[in-house]
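Participant: Just dropping this structure here.
The values are calculated or read from the model by the stated rules, or taken from the named source; none is laboratory data. The model shown is predicted, which means the values in this text are computed figures rather than measured ones. Every residue, glycine as well, gets a Cβ built from its backbone with ideal geometry; the counts of neighbours run over all protein chains shown. Remember, those area values only see protein heavy atoms, side chains included, never the ligands or the DNA or RNA. Shrake-Rupley method; radii C 1.70, N 1.55, O 1.52, S 1.80 Å.
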Amino acid sequence: MAHIPTEAHSPLSWLEFASGEQLKTELEARLNMWWPRIFGYHLLKLGSLSAEINSLQCQINYHFSLFETEGGAIQASTKDLPLQNNTIDTVLMTSLLEFEQDPYRVLREVDRVLVSGGHIILSGFNPISPIFFGKLLPDFQNIAPWSGHFFMPSRVKDWLGLLGYQILSDERLVYHHLLTEYPSKIAWHKQLEKWLPSTGGLYIIVAKKVDTPLTPIRDKQKVKPTNWSTAASVGRAGLKP
């Protein structure tokens, strides 16, 4: 279980990020490719950043947000959701785990309220990307997103796997360091996207909650043979006349 040594300030708006408006625009454009595939009754936007994401193209009927500060439909802690079990069809989490002291606890809470077959759509900052350079520079370490903890996408997928989720997609976008104006006039980040697609600064993971059977199904090949055998037929050779 991961713990951030000191609690980082969680941004309340994308405007607090370097090039935040551009990040939000690119994220919304990619999410628009997923919204038509998601169905249900309740979409939970977890965190203030998720609340600002445009989800009008989502087919789900009711969208609402939840975060600790004022402005959300529900004001509550992301670590203790005041929601009943198995009531939410999809949860959107954008750049939330980076600013949580116990990110796995947040995922467990999300799993508790999500229905069977429901979806988690999760985005975060990739440490194997040009964006990570800002964490090495003192002038940027207290500015979002570098003030948060960057988790490897593979680690996040491992957490979801432990909770019983099937990974449907793991995508990347934003091939820029964000230390200067984005996008820059030099199109080097386009080449980076072409040749090293896994180094995008933002990852988007889409996962589906899959129920496991209550009792394990035995592998037919491992079923031990019975210790008994059929009795020999009496008079198999027949009687002589």
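Participant: Scan segment 64-86 and tell me whether some residue there is touching an Asp or Glu at 6+ places or on another chain (Cβ under 7 Å), outside any loop (DSSP other than H, G, I, E, B) and either open to solvent by 50 Å² or more (accessible area, probe 1.4 Å) or of a type in the set (Gly, Ala, Ser) (or both).
Facilitator: yes
Participant: Take the conditions open to solvent by less than 50 Å² (accessible area, probe 1.4 Å), within 27 Å of residue 141 (Cα to Cα) and free of Cβ contacts under 8 Å to residues at least 24 places away in the same chain and apply them to residue 18. Does it pass?
Facilitator: Working: open to solvent by less than 50 Å² (accessible area, probe 1.4 Å): yes; within 27 Å of residue 141 (Cα to Cα): yes; free of Cβ contacts under 8 Å to residues at least 24 places away in the same chain: no.
No: the conditions fail for residue 18.
Participant: For segment 91-124, which residues satisfy the criterion of being in a loop (DSSP other than H, G, I, E, B) and either within 14 Å of residue 153 (Cα to Cα) or in contact with a Ser or Thr (Cβ under 6 Å, 6 or more places away or on another chain) (or both)?
Facilitator: 95, 96
Participant: I need a count of the residues in segment 69-94 that are among the acidic types (Asp, Glu) and within 20 Å of the chain's Cα centre (by Cα).
Facilitator: Qualifying residue count for the region: 2.
Listed here are the residues, each with its yes/no results for (1) touching a strand residue (DSSP E or B) at 6+ places or on another chain (Cβ under 8 Å); (2) farther than 29 Å from residue 115 by Cβ; (3) at pLDDT 75 or above; (4) assigned to a strand (DSSP E or B).
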{"site": "166", "(1), (2), (3), (4)": "yes, no, yes, yes"}
{"site": "181", "(1), (2), (3), (4)": "no, yes, yes, no"}
{"site": "186", "(1), (2), (3), (4)": "no, yes, no, no"}
{"site": "204", "(1), (2), (3), (4)": "yes, no, yes, yes"}
{"site": "215", "(1), (2), (3), (4)": "no, no, no, no"}
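Participant: Quick one: in segment 28-41, of everything that is within 14 Å of residue 169 (Cβ to Cβ) and among the aliphatic types (A, V, I, L, M), which residue is most open to solvent (accessible area, probe 1.4 Å)?
Facilitator: The selected residue is 33.
Participant: Which one of 154, 123, 129 is exposed (fewer than 15 other Cβ atoms within 10 Å of the Cβ) and not basic (Lys, Arg)? Outline the logic, then answer.
Facilitator: Values: 123 fails: exposed (fewer than 15 other Cβ atoms within 10 Å of the Cβ); 129 fails: exposed (fewer than 15 other Cβ atoms within 10 Å of the Cβ).
Step by step, each of 154, 123, 129 is checked, and only 154 is exposed (fewer than 15 other Cβ atoms within 10 Å of the Cβ) and not basic (Lys, Arg).
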